[in-house]
Amino acid sequence: MPRDDTYSDSDTPALSQFQKNRFFKGKLMTPRDMEAEQAYHAERLHTINRFLNGKGIVHGIEIQSVTETDDGLDVTLTPGLALDGNGRPIVVEQVTTKSVPMPADDEVYFFLEFTEAAMETIPVPDTEGAVDDDTAPNRAVESFTLTYHETEPDEVAAVPDVEIPNLQVDNFDPQTLREALSEQYQQYQSSRGSSGPAVFVGAFERTPDGNWVPIDDAPARPVVFDSEYLFGVLVDHVADTDNPHRTPVTKEPMDVPEDVDEIMDALEGLQAQVETLQDDRRSLTRYVMRKTIKDRIRFFEELADRVQEQSGEASQIARSIVDRSRENLQAVRVREEDYEKQLDNLIAPLVELGDCLEPVTTEESLEDYLRAVSNLQSAVEEDRSLLDQVDAHDEVCEAADSLEVLLDVVPVTNK
């Protein structure tokens, strides 16, 4: 495929087979051969980008500001990467300001277009009159131009119309579902049209005071999603078993079997489910109790360090709570009655700690702490549910963590 083929510049590039150099000893390499070598690699990459990745913003390229000048508008872009409709990468390597003529209307829609700019002009030796010009560019840098339309672009970031079969109603297995989605993807690829190579990057409107601000309801910019992002979305969706589509769920009526054997089988199945739920509850309860004890150790250990200089006695009580909590945590299995007994034994040192903290903490934070201790005491004495007692315990830990130690307090010595 020659370098000047219509693929490079056409708004609707067609597919064609790729041509590449064939090297052999003694081959005379001409500019045409070198251009063919460049075109082969570039056009393969562009074709793959066009059909596998699509068109849009890959990273960055936000419009930072739009400012009026005497000649038009100055548009400042942030760095980033985009793929145009022909699969060619557009790179904005640094914060860049481009100028465009003043639009006639109060709305403007900006686009990036791929371009190449010649650079490094060098002299060309004349070999028996074989060259037309005395100089030629030695390099070409792939760059971009900023253009705009004054009307809203058509079908920007359009969402494909995909019909996902109902696995339960249509009796689809995973393989059949995969084939159905693949067929729809092929139809989408063959039917999608081309909206041109330019990449839409943002829309602005002029306010009555003459400033240009982003249009709130402008079309979304087309975005190229990488495989890692899509894989993460897929994993999150598959792992969300709690009605991920947020669709109404109705419980189907239970079939009542007429045969006695079927009834017994159903009862055995229910019994197995109950036992499983009980095991899950015991595991979760054990985890919650152990976690609250670990949190208590962490929060009161930090409190002991914070009040060490102001009140050695308060610090000592906090550390005794930590030591007692570590002993509580030693048991591999923590039963509910043992945990509730631990909380009951914890009340007295918590109250004693509050008395010692009165001279060295702010009044408001100490009141929050004492209120939380009182709530925990009520929950234990009234034999409330384990969840209520755990919640009251966590309030005490949070209040201890929020205690505000007064500065410039004369240290209180131990009695």
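Does residue 360 satisfy the criteria of being open to solvent by less than 90 Å² (accessible area, probe 1.4 Å), at pLDDT below 90 and not assigned by the TED database to the domain that holds residue 289? No. What number goes with the only condition from (1) closer than 20 Å to residue 404 by Cα; (2) small (Gly, Ala, Ser); (3) exposed (fewer than 15 other Cβ atoms within 10 Å of the Cβ) that residue 348 does not pass? Only one criterion is unmet by residue 348, namely (1). Quick one: in region 113-129, which of the residues that are among the polar types (S, T, N, Q) and within 27 Å of residue 92 (Cα to Cα) is modelled with the lowest pLDDT? Checked region 113-129; the qualifying residue modelled with the lowest pLDDT is 121. Checking each residue in region 14-32 for being closer than 25 Å to residue 139 by Cβ, assigned to a loop (DSSP other than H, G, I, E, B) and free of Cβ contacts under 8 Å to residues at least 12 places away in the same chain picks out 23, 27, 28, 29, 30. Among the residues of region 339-369, those that are of a type in the set (A, V, I, L, M, F, W, C) and in contact with a Leu (Cβ under 9 Å, 6 or more places away or on another chain) comprise 343, 346, 347, 350, 351, 353, 357, 360, 366. Might you check whether a residue that is loosely packed, with under 15 Cβ neighbours inside 10 Å, within 31 Å of the chain's Cα centre (by Cα) and touching a residue at least 24 places away in the same chain (Cβ under 8 Å) occurs anywhere in region 93-110? Checking region 93-110: at least one residue is loosely packed, with under 15 Cβ neighbours inside 10 Å, within 31 Å of the chain's Cα centre (by Cα) and touching a residue at least 24 places away in the same chain (Cβ under 8 Å). Taking (1) closer than 14 Å to residue 202 by Cβ; (2) among the β-branched types (Val, Ile, Thr); (3) part of a helix (DSSP H, G or I) in turn, residue 48 satisfies each apart from (1).
For region 130-141, give me each residue that is at pLDDT below 75 and either of a type in the set (Ser, Thr, Tyr) or surrounded by 11 or more Cβ atoms within 10 Å (Cβ to Cβ) (or both). Matches in region 130-141: 131 only.
The combined condition, being part of a helix (DSSP H, G or I) and open to solvent by 20 Å² or more (accessible area, probe 1.4 Å), is fulfilled by residue 301.
Any chance region 71-84 includes a residue that's within 17 Å of residue 198 (Cα to Cα) and not aliphatic (A, V, I, L, M)? Among the residues of region 71-84, at least one is within 17 Å of residue 198 (Cα to Cα) and not aliphatic (A, V, I, L, M), which makes the answer yes.
Exactly one residue out of 75, 58 is open to solvent by less than 20 Å² (accessible area, probe 1.4 Å), touching a residue at least 12 places away in the same chain (Cβ under 8 Å), in the same structural domain as residue 110 (by the TED database) and touching a strand residue (DSSP E or B) at 6+ places or on another chain (Cβ under 8 Å), and it is 75. Among residues of region 305-348 being out of contact with any helix residue (DSSP H, G or I) (no Cβ under 6 Å at 6 or more places or on another chain) and of a type in the set (S, T, N, Q), the one that is modelled with the lowest pLDDT is 330.
Considering only residues that are within 18 Å of residue 392 (Cα to Cα) and of a type in the set (D, E, K, R), which ones fall in region 288-334? Matches in region 288-334: 290, 291, 294, 295, 296, 298. Screening residue 151 with (1) at pLDDT below 80; (2) of a type outside the set (Phe, Trp, Tyr); (3) open to solvent by 90 Å² or more (accessible area, probe 1.4 Å) gives one miss only, at (1).
Quick check: is even one residue across region 33-44 open to solvent by 50 Å² or more (accessible area, probe 1.4 Å), touching a Phe, Trp or Tyr at 6+ places or on another chain (Cβ under 8 Å), in contact (Cβ under 8 Å) with a residue 24 or more places away in the chain and assigned to a helix (DSSP H, G or I)? Yes, the conditions are met somewhere in region 33-44. Sub-7 Å Cβ pairs linking a first residue in region 199-211 that is polar (S, T, N, Q) to a second residue that is open to solvent by 10 Å² or more (accessible area, probe 1.4 Å), at least 6 apart or interchain, are 207/213, ordered by first then second residue.
The values are calculated or read from the model by the stated rules, or taken from the named source; none is laboratory data. Just so it is clear, the structure is predicted and the values come from calculations on it, not from any experiment. Cβ: placed from backbone, ideal geometry, glycine included. Neighbour counts: every protein chain shown. Protein only, heavy atoms only, side chains kept; ligands, DNA and RNA dropped before computing areas. Shrake-Rupley method; radii C 1.70, N 1.55, O 1.52, S 1.80 Å.
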